[in-house]
Amino acid sequence: MEADLTSPSGEGYRRLSLWWDGLPEQISLRAPQPGDLDVDVAVVGGGFTGLWTAFYLSEADPTLRIAVLERDVVGFGASGRNGGWCSALFAVSEERLNRVTGPGTGAAMRRAMEETVREVGRVVAAQRIECGFAPGGTVSMARTPAQWQRTRDEVTAARALGIGEDDLRLLSAEEASAMVGATHVLGGTYTPHCAAVDPARLVRGLAEVVERQGVTVYEQTEVRAIHPGSVETSRGTVKAPTVVRATEGYTRTLLGEERTLVPVYSLMIATEPLPDVFWAEAGLARRETFADHRHMIIYGQRTVDGRMAFGGRGAPYHFGSAIHAAFDRDGDVHESLRQTLIELFPTLADARITHRWGGPLGIARDWFPSVGLDRNTGVAWAGGYVGDGASTTNLAGRTLSDLVLGRDTELTRLPWVGHRSKRWEPEPLRYMGINAGLRLAGSADRAEERSGRPTWHSQVLERLVGG
C-alpha cells in the first residue's frame, strides 16, 4: 500500500492525538509556498527538528532568510503525537559509542543529552510556551526476576562508566512502588533527566516563536526532492545554498531517500481524567514518566489534567515502508496496550479510554541517530531518533545551527555528527527482518515471564539492537 498522506482539515486535526485534541487555540492553516523562492536556508519539515533548527539559526543570525517547508501542518508527524518524554535517552548506548566512535565519546553524548533537557526547559520558560513541562524524571520498573537482573546489570555498568547515584539511582521495591504504584514491582531505577511535556503545545508554540523571529513557515507544501542548492516542491522551486532535511519517519517520501529511514509505528492510548483517589495509589506525584524493563517498549505519563497517557511498540512494520492514516489506529495493538495498562494498574479496568492514536517514527539501519552537513552539496540532515526525539531534536537543532554557521563547538564534535548509516535492505527483506525483530521482542518477554530469567530470545535481541 502506498503512503496515504491525505490531510484532515481545520478541526479534523484534533483527531491526530490526545495532545492535538487538547490544543486551546483554533486550528488554522498557514499559507503554502507562494511559488519559486530564493532563501538562505530551506528547512524541510515543520516538526521539532526543523523548528528547533530555525529557532537557533534565526536567534544567532537574524539576517538569515529562513523558510520552513511543511507538507501538512506544523506538528502533524511524531512531534505532535509522541509520548511526551523530553528525556536524556539516546538510542545508542554509551558503551557502543565508546567502542565505535572512540573512548569518552559516550560520556560526551550523555552530558549533551542531559543538558538538552535543561535547555528545552529554559527555552520553554523564556518564550512562555505553555506545554506542561514538568521535570519529574523517569522511573523504570522491574516487574519480573529477569527484569530485576537486567536493572541491576544496568546500574553496575553505569557505575563502571562513572555514572553516579545522582544520575541513575537503583530503587528498592518499596522506593519504586512509592513513585509508581504499579503491580509486582521488584525494584527499578530513577533518573532525574526527563520532563513530561505536552508535545503538540510545544511544537505549535515553537512555530509561533520562530515566526516572531522572522522565519517564514509554509504549510500544505509537499517537498518532492532535495537537490544541492534547491528543493523541489509541489508549489515550485526553493533555491537555497543550505537545505536541511528534517523529515524523520516521512523521509521515505522524498525522491532517493526511500531506504534511508524506515517508518515504524508506535501507538498510544489515553484515559479519561482520573480521580484523586487513583493518583493517591498510583503516585507519579511529580509527573514522573515511567516504563519498565521489558523488551517490547512501553512508556507512560500523568498528564496535566490527570489522565494516564500510555503507549508502546508492537505495531507491525508495513511493506514498502508504507505510511497510511489507517495505520494510526490498530484495534489489536490498542487493546493490548489497554490490557497492559490494566495489568500495571488494575483499578483502571473500568476507566474509559478516550483517545487512541499513533504514528510513524524513523529508524536507521544501525539504530544510530545522526546529524550532519555535507559541505560539498550544502545539504544537512538530522533524524533516526528511534522514538527518543522530543529532546534529541533540540540537540540536533543547536548542532545544525553551529554546522550551518561554520562554528567549531563541543556540539559539532559529538559522536553522532557526520555519522552515515547504511541503507535499509530492499523489500521483502526489510519487511521480514523488522517484523521478525518485533515478534522476537514479544516472545522474549513471554519467555522471561515463564522462566523467571533471561532467555536466548533476549540475548539475540540485544545483539540485534546493540549492533
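A short reminder: the numbers here are calculations on the coordinates, not readings from a lab. Given the structure is predicted, the values throughout are model-derived calculations rather than measurements. A quick note on method: Cβ atoms are made from the backbone with ideal geometry, for glycine too, and the neighbour counts reach across all protein chains shown.
Charged side chains reduced to their Cβ positions (Lys and Arg at +1, Asp and Glu at -1) give the range 65-224 a dipole of some 240 debye around its Cα centre.
Sorting 312-321, 422-431 by their mean Cβ neighbour count within 10 Å, with the most densely packed peptide first, gives 312-321, 422-431. The 3J(HN,Hα) values that the Karplus relation (6.51, -1.76, 1.60; θ = phi - 60°) gives for the range 119-132 are, in residue order, 5, 4, x, 4, 5, 4, 5, 5, 8, 6, 8, 7, 9, x Hz. Gly and Pro appear as x.
Once backbone amide H atoms are built at 1.01 Å from N, Arg143 has Trp148, Leu186, His293 as its partners under 5 Å, excluding neighbours fewer than 5 places away on the same chain. Summary of packing: across the peptides 266-274, 80-88, the per-residue average of other C-beta atoms within 10 Å ranks them, highest first, as 80-88, 266-274.
Compared with the dominant Cα axis of the chain, that is its longest principal axis, helix 331-344 is turned about 50°.
In the chain, the longest principal axis of the Cα atoms and the axis of helix 389-404 are about 30 degrees apart.
If you take all other residues with their beta carbon under 14 Å from the beta carbon of Leu395, and give Lys and Arg +1 and Asp and Glu -1, the sum is 0. Net charge of the neighbourhood of Leu411, taken over other residues with C-beta under 15 Å away and scored Lys/Arg +1, Asp/Glu -1, is -1. Overall, the chain carries a charge dipole of about 700 debye about its Cα centre when +1 sits on the Cβ of Lys and Arg and -1 on the Cβ of Asp and Glu, all other atoms neutral. Amide hydrogen proximity for Leu171: with H placed 1.01 Å from N in the peptide plane, the residues at 5 or more positions away or on another chain lying under 5 Å are Gly188, Thr189, Tyr190.
If the only charges are +1 at each Lys and Arg Cβ and -1 at each Asp and Glu Cβ, what is the size of the charge dipole of the range 7-101 around the Cα centre, to the nearest 20 debye?
So the dipole magnitude of the range 7-101 works out to roughly 360 debye.
Relative to the longest principal axis of the Cα atoms of the chain, helix 199-212 runs at roughly 30 degrees.
In order along the range 282-294, the phi-based Karplus estimate (6.51 cos²θ - 1.76 cosθ + 1.60, θ = phi - 60°) of 3J(HN,Hα) comes to 6, x, 6, 4, 9, 6, 4, 6, 9, 7, 9, 9, 6 Hz; Gly and Pro are listed as x. Each other residue within a Cβ distance under 10 Å of Asp72 adds +1 if Lys or Arg and -1 if Asp or Glu, for a net charge of -2.
Report note on the peptides 18-25, 162-169, 189-196: ranked by the mean count of other C-beta atoms within 10 Å, highest first, their order is 189-196, 18-25, 162-169. With the charge dipole of the chain set up from +1 on Lys and Arg Cβ and -1 on Asp and Glu Cβ about the Cα centre, the Cα lying farthest toward the positive end among the listed residues Thr183, Phe345, Ala146 is that of Ala146. The Rg/Rh ratio of the chain, with both radii computed over alpha carbons and Rh defined as the Kirkwood radius, is 0.95. A prolate overall shape is assigned to the range 270-412, the ratio a/c of its alpha-carbon gyration tensor axes (a ≥ b ≥ c) being 1.5 or greater and a/b exceeding b/c.
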